[in-house]
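Computed from the coordinates by the stated procedures, all read-outs in this text should not be read as laboratory data. Everything numeric here is computed off the predicted structure, so don't read it as measured data. All Cβ positions, even for glycine, are placed from backbone atoms using ideal geometry, and neighbour counts span all protein chains on display.
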């Protein structure tokens, strides 16, 4: 910031800044989602297929983050709808009672990701 802001005066958030924030938030929350899921998984044999799945997930997240960061509005809207639907289904599963142990933690990641993407896609506050 080149100028000093007065108390009570906020810097306007431009659409490109919202997309950059959405990109960083998407990356961080997706990595957090993966870590929570791995922590709560029961012990299993860590085979080559597991390594490939995790690697492909991380690669997909990196590619999507780059596209979000560059301001691909249609992609962000589609991802926001997907994450909103995932959040609703996860909430329904949580209410029904037959869920994975990590669902309450994963739900918060999904809801935050939905908000961050929706903020960039539809100019939410």
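Specify the residue that is surrounded by the fewest Cβ atoms within 10 Å (Cβ to Cβ); the eligible residues are those in segment 23-39 that are in contact with a helix residue (DSSP H, G or I) (Cβ under 6 Å, 6 or more places away or on another chain) and either without any contact (Cβ under 8 Å) to a residue 60 or more places away in the chain or not in a helix (DSSP H, G or I) (or both). In this case the residue turns out to be 27. All of (1) surrounded by 11 or more Cβ atoms within 10 Å (Cβ to Cβ); (2) part of a helix (DSSP H, G or I) hold for residue 13 with one exception: (2). Residues of segment 98-125 that are out of contact with any helix residue (DSSP H, G or I) (no Cβ under 8 Å at 6 or more places or on another chain) and under 14 Å from residue 86 (Cβ atoms): 108, 115.
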